[in-house]
């Protein structure tokens, strides 16, 4: 075939004279720039520039220096020391860029590097002063249909992998995308890294948006950014922050530092050092909180623990909703805030607002509630403590509003407030209770105490006891081997050092040192000081009066009814001497009838100065 020559028109001799510029080369239909040590040995190849080699059939080198296009239909537009061995490979320019595969150029079909330096290579020594590799890098296999936009030593080795730019990053998974940054690795199918440094997207369909040293290793996991975060399970998400881990299915850490979401579908939204390890658990923020129970929630605060299933801690410090046997036994327990609730002991340092000696965790009751305060303990089923300090509620469905050091052990019972008020219940040997429903509204050191054993026959303990307030008032029900239909329904309105040591339906309105004792029922002390009733259905008011029989009435001072019944005393220092008798010191009768007419038998009437009885 005749040789085609393209002449430089400026070299003189028009019409074919002068020095030829483009000549046919050894490849069939090939063309090469003459005089620059280039060659076009591939069929229908084209090579210009300096020391370039177009050895692949249909390959093209448009310019540059020391470029080699050895792949079928490969193209190098320019640059220096670039190598296109891939079939259909393309290099736009730059230096030491490669689209190759050591096994076969077919395995890097359509690979593209637009520009940059050393893309699809690793290692070597780059001299920034001379802008050359003083030690040659090692060529890496480019992925089928892969793309590198530019940057330095980026490697798109996966099929259809894309790296836009950056430095020393690797996209080795199929259909992976790497936007930029440095030392990033997108290694599984359809994984994505937006940018940043030293990030890894190794899970299928995983995403790292940016940041540094983040890892999305779970399938379909996401790390938005931050530093040294790891999303290691399917659908795990970390929004940002630092040193956080999302390690279970669909778990989420939104941000913060050193947070862990290790439960399935768990969330740690922010804060520091929080752990959401229970399935479907959530922590809003704070520090050092742990939600280990199924569906447990902690809003914030620090060093709170929600191990109960469905447990809730709103905030505060060292609050707990737990049960050492099983989180199910504290199901639905809640603490809104405060310090050390559902704990005991330890040493609280007010200056640093921390426990310098850790407290001991107490078992929270199922469905229990603590609103706030300090070291309140709601251990009973559906028990409630509104606030205060060191209150204990172990009753079922019982309530303590506030106050300090109150103890409630009865079911469906109530302590409003105050200090050192107690409800204590002991049932042994099979003795039981029907209802409690006891109330202490407030005051200081008031007590309702019940101690029954199986020897007590009859209806058992009914409850309904009430202490309105005051100080050192006490209702005590004890029984052993006796018969009583009911224990309960006694009331102390207030006062000081009041005692009801009986069975039921007794009332002391107030005063000081008044008492209803024995097994009295339905008796009343209206008020006063030092009054005592030992029998049923009796009423006393005044000072230092005593009634031991039943259905007696005393008003006054220093009066006594011993074994007699249905008697009454009005006055002072009287001792009853018979039943069914009114005893008085003096009697002044006004408006006495002056005739017996119409009066019933036993009536008194006056005839002059003489009293008569009908």
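The values are calculated or read from the model by the stated rules, or taken from the named source; none is laboratory data. What you are looking at is a predicted structure, and each value in this text was computed from that prediction instead of being measured. Please note: Cβ atoms are built from the backbone with ideal geometry, for glycine as well, and neighbour counts cover all protein chains shown.
As for the range 346-354, it holds at least one residue that is touching a residue at least 24 places away in the same chain (Cβ under 8 Å), surrounded by fewer than 14 Cβ atoms within 10 Å (Cβ to Cβ) and either in contact with a helix residue (DSSP H, G or I) (Cβ under 9 Å, 6 or more places away or on another chain) or part of a loop (DSSP other than H, G, I, E, B) (or both). Of the residues making up the range 561-604, those that are surrounded by fewer than 17 Cβ atoms within 10 Å (Cβ to Cβ) and either touching a helix residue (DSSP H, G or I) at 6+ places or on another chain (Cβ under 9 Å) or in a strand (DSSP E or B) (or both) are 572, 575, 582, 584, 604. Considering 150, 173, the condition of being assigned to a loop (DSSP other than H, G, I, E, B), out of contact with any helix residue (DSSP H, G or I) (no Cβ under 7 Å at 6 or more places or on another chain), touching a residue at least 40 places away in the same chain (Cβ under 8 Å) and closer than 23 Å to residue 106 by Cα is satisfied by 150 alone.
Does residue 208 meet the test of being crowded, with 21+ Cβ neighbours inside 10 Å and over 40 Å from the mean Cα position of the chain (by Cα)? The answer is no for residue 208. Filtered by the rule that a residue be within 17 Å of residue 138 (Cβ to Cβ) and either out of contact with any helix residue (DSSP H, G or I) (no Cβ under 7 Å at 6 or more places or on another chain) or modelled with pLDDT under 95 (or both), the range 85-110 gives 95, 96, 97, 98, 102, 103, 108.
Summed over the range 489-530, the residues that are over 18 Å from residue 450 (Cβ atoms), assigned to a strand (DSSP E or B) and modelled with pLDDT under 95 give a count of 0. Scanning the range 81-95 for residues that are surrounded by fewer than 24 Cβ atoms within 10 Å (Cβ to Cβ) and closer than 11 Å to residue 61 by Cα gives 90, 92, 93.
Selection within the range 295-326: residues that are in contact (Cβ under 8 Å) with a residue 40 or more places away in the chain and not in a loop (DSSP other than H, G, I, E, B). The member of this set that is farthest from residue 390 (Cα to Cα) is 305.
Confirm whether residue 365 is assigned to a loop (DSSP other than H, G, I, E, B) and under 30 Å from residue 250 (Cα atoms). It would help to see each step written out before you state the result.
Details: assigned to a loop (DSSP other than H, G, I, E, B): yes; under 30 Å from residue 250 (Cα atoms): no.
The answer is no for residue 365.
Filter the range 270-285 down to the residues that are without any contact (Cβ under 8 Å) to a residue 24 or more places away in the chain and more than 25 Å from residue 328 (Cα to Cα) and list them by number. Listed by number, the residues that qualify are 272, 273. If you check 248, 184, 289, 243 for being within 30 Å of residue 165 (Cβ to Cβ) and surrounded by 20 or more Cβ atoms within 10 Å (Cβ to Cβ), only one passes: 184. In the range 100-109, the count of residues that are assigned to a loop (DSSP other than H, G, I, E, B) and on the phi > 0 side of the Ramachandran plot is zero.
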